[in-house]
1. Any residue that is modelled with pLDDT under 85, assigned to a helix (DSSP H, G or I) and surrounded by fewer than 10 Cβ atoms within 10 Å (Cβ to Cβ) - is there at least one of those in region 135-144?
2. I'm trying to understand the selection: among the residues of region 12-35, which are surrounded by fewer than 17 Cβ atoms within 10 Å (Cβ to Cβ), within 17 Å of Ser121 (Cβ to Cβ) and touching a residue at least 24 places away in the same chain (Cβ under 8 Å)?
3. Pairs needed: first member in region 36-62, over 25 Å from Gln98 (Cβ atoms) and without any contact (Cβ under 8 Å) to a residue 24 or more places away in the chain; second member anywhere, part of a loop (DSSP other than H, G, I, E, B) and not hydroxyl-bearing (Ser, Thr, Tyr); C-beta distance under 7 Å; at least 6 residues apart or different chains.
4. Go through (1) of a type outside the set (A, V, I, L, M); (2) in contact (Cβ under 8 Å) with a residue 40 or more places away in the chain; (3) crowded, with 18+ Cβ neighbours inside 10 Å one by one and return the number of the condition Gly78 breaks.
5. So, Ala130, is that one more than 20 Å from His8 (Cβ to Cβ) and either under 16 Å from the mean Cα position of the chain (by Cα) or at pLDDT 95 or above (or both) or not?
6. All but one of (1) part of a loop (DSSP other than H, G, I, E, B); (2) surrounded by 15 or more Cβ atoms within 10 Å (Cβ to Cβ) hold for Ile117, so report the exception by its number.
7. Check Val45 against each of (1) surrounded by fewer than 19 Cβ atoms within 10 Å (Cβ to Cβ); (2) within 25 Å of Thr136 (Cβ to Cβ) and name the one condition it does not meet.
Amino acid sequence: MAEAQIPHRVDATKLVEHNQQLRAAINSSDLPRLNEAVDQCLAPVDCIVSFEKDAERFRMIVGSCSTRVVMTCQRCLGSVEIAVGSQFSLGLVFNDEQARNLPKRLEPVEMDENGVIDLWSVLEDEVLLALPAFPTHPESECQIQQPEPEDIISNEKRPNPFDVLAQLKQK
């Protein structure tokens, strides 16, 4: 297993033929779409990626990636630190026809005519898909401000917003 910087673009067909496995960290500041989706990236994206063929001879990328990010809690609007991780099995294809023929367990990744893919983009997609849609603190830790019971039940009479209309109707 190679322990080095993961290259941006790789010849996926060659890596599959050699059953290559890569393990490295991508500096999260180099992933612009991830930085736009979160408030802050706290750690690099750790990746393990294997290029292989399955029993049916489909070219695949199998791996995992993980990082830590800060997002806005949707309950209290404070910052919440989240561990993000993804395990994936992707099928390498040249066109839509091959993508349609992939087994349901594989998500397609389209290579260019030379078998090259932008690996960083693929890994960034996997991290983005693993982000929670509604990040929240655990309920016991959330700092949401609950209204006091006396604020909810008030004996004072509130003005009726339709009083203005009633006055116009009387004229």
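1. no
2. Scanning region 12-35 gives Asp30, Arg33.
3. Pro44/Asn27
4. Tallying (1) of a type outside the set (A, V, I, L, M); (2) in contact (Cβ under 8 Å) with a residue 40 or more places away in the chain; (3) crowded, with 18+ Cβ neighbours inside 10 Å, Gly78 fails exactly one: (3).
5. Taking the combined requirement at face value, the residue satisfies it.
6. Every listed condition holds for Ile117 apart from (1).
7. With (1) surrounded by fewer than 19 Cβ atoms within 10 Å (Cβ to Cβ); (2) within 25 Å of Thr136 (Cβ to Cβ) applied to Val45, the lone miss is (1).
This table checks each residue for (1) under 21 Å from Ser89 (Cβ atoms); (2) outside any helix (DSSP H, G or I); (3) not polar (S, T, N, Q).
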site: Ile6; (1), (2), (3): yes, yes, yes
site: Leu15; (1), (2), (3): yes, no, yes
site: Leu22; (1), (2), (3): yes, yes, yes
site: Ser29; (1), (2), (3): no, no, no
site: Ala43; (1), (2), (3): no, yes, yes
site: Phe51; (1), (2), (3): yes, yes, yes
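The values are calculated or read from the model by the stated rules, or taken from the named source; none is laboratory data. Computed from a predicted structure; not experimentally measured. As a convention, Cβ positions derive from the backbone with ideal geometry for all residues, glycine included, and neighbour counts pool all protein chains shown.
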